[in-house]
1. Condition first: aliphatic (A, V, I, L, M) and more than 11 Å from HIS68 (Cβ to Cβ). Now tell me which residues in the stretch 1-49 satisfy that.
2. For the stretch 1-47, enumerate the residues that are in contact with a Ser or Thr (Cβ under 6 Å, 6 or more places away or on another chain) and of a type in the set (Lys, Arg).
3. Here is a check on your reading of the model: is ARG67 among the charged types (D, E, K, R) and farther than 18 Å from ASN2 by Cβ?
4. What are the pairs, 6+ residues apart or on separate chains, where a residue within the stretch 34-62 that is closer than 15 Å to LYS10 by Cα has its Cβ under 8 Å from a residue that is open to solvent by 70 Å² or more (accessible area, probe 1.4 Å) and of a type in the set (Phe, Trp, Tyr)?
5. Count, please, the residues in the stretch 53-71 that happen to be open to solvent by less than 70 Å² (accessible area, probe 1.4 Å) and within 13 Å of the chain's Cα centre (by Cα).
6. Tell me, which residue of the stretch 1-36 that is in a strand (DSSP E or B) and in contact with a His (Cβ under 7 Å, 6 or more places away or on another chain) is most open to solvent (accessible area, probe 1.4 Å)?
7. Could you please find all residues in the stretch 40-71 being part of a loop (DSSP other than H, G, I, E, B), among the hydrophobic types (A, V, I, L, M, F, W, C) and touching a Cys at 6+ places or on another chain (Cβ under 6 Å)?
Amino acid sequence: MNDLGRFLAKFEPDGRGCWLWKGYIRRDGYGSFRLSQRMVLAHRAGYQLLTASMPEGLDLDHRCGVRHCVNPF
C-alpha cells in the first residue's frame with residue numbers, strides 16, 4: 001500500500017471536523033507517521049499528501065486545538 005492509502009486508513013472523523021489519528025501518538029500528543037521512509041508528524045504528512053508540499057519554514061497550526069487531529073482543511 002502506498003503512503004496515501006496507509007495515511008487514509010489511520011484516522012477516524014469525529015463528526016465535529018477533527019480527523020483523530022489512530023496510529024502511533026507520541027508523548028506530546030501528536031501523531032507520528034512514516035512518510036517516504038522518514039518518521040514525520042502525522043498532521044504534516046496529511047498536509048503533504050492531501051494538499052501540497054510543505055513550504056520551508058511553514059508552521060502548521062491545529063485550528064481545533066486537538067494535537068492528534070490530522071485534518072489539513
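1. To start, the set of residues in the stretch 1-49 that are aliphatic (A, V, I, L, M) comprises 1, 4, 8-9, 20, 25, 35, 39-42, 45, 49.
The answer is MET1, LEU4, LEU8, ALA9, LEU35, MET39, VAL40, ALA45, LEU49.
2. ARG26
3. Values: among the charged types (D, E, K, R): yes; farther than 18 Å from ASN2 by Cβ: yes.
Yes; evaluated as a whole, the condition is true for this residue.
4. Final answer for the pair search is LEU50/PHE73.
5. Looking only at that region, the number is 8.
6. Applying the first criterion (in a strand (DSSP E or B)) to the stretch 1-36 yields 11-13, 19-21, 25, 31-35.
From what is left, the residues that are in contact with a His (Cβ under 7 Å, 6 or more places away or on another chain) are 20-21, 25, 31.
Values: LEU20: 49, TRP21: 10, ILE25: 69, GLY31: 2 Å².
Per the criteria, the residue is ILE25.
7. Step one: of the stretch 40-71, the residues part of a loop (DSSP other than H, G, I, E, B) are 51-68, 70-71.
With among the hydrophobic types (A, V, I, L, M, F, W, C) added as a condition, the list becomes 52, 54, 58, 60, 64, 66, 70.
Of everything in the stretch 40-71, those that are part of a loop (DSSP other than H, G, I, E, B), among the hydrophobic types (A, V, I, L, M, F, W, C) and touching a Cys at 6+ places or on another chain (Cβ under 6 Å) turn out to be CYS64, VAL66.
The values are calculated or read from the model by the stated rules, or taken from the named source; none is laboratory data. Just so you know, these numbers come straight off a predicted model, no measurement behind them. In this analysis, Cβ positions are derived from the backbone assuming ideal geometry, glycine residues included, and neighbour counts consider all displayed protein chains. Ligands, DNA and RNA are excluded from the accessible area calculation, which covers all protein heavy atoms including side chains. Shrake-Rupley method; radii C 1.70, N 1.55, O 1.52, S 1.80 Å.
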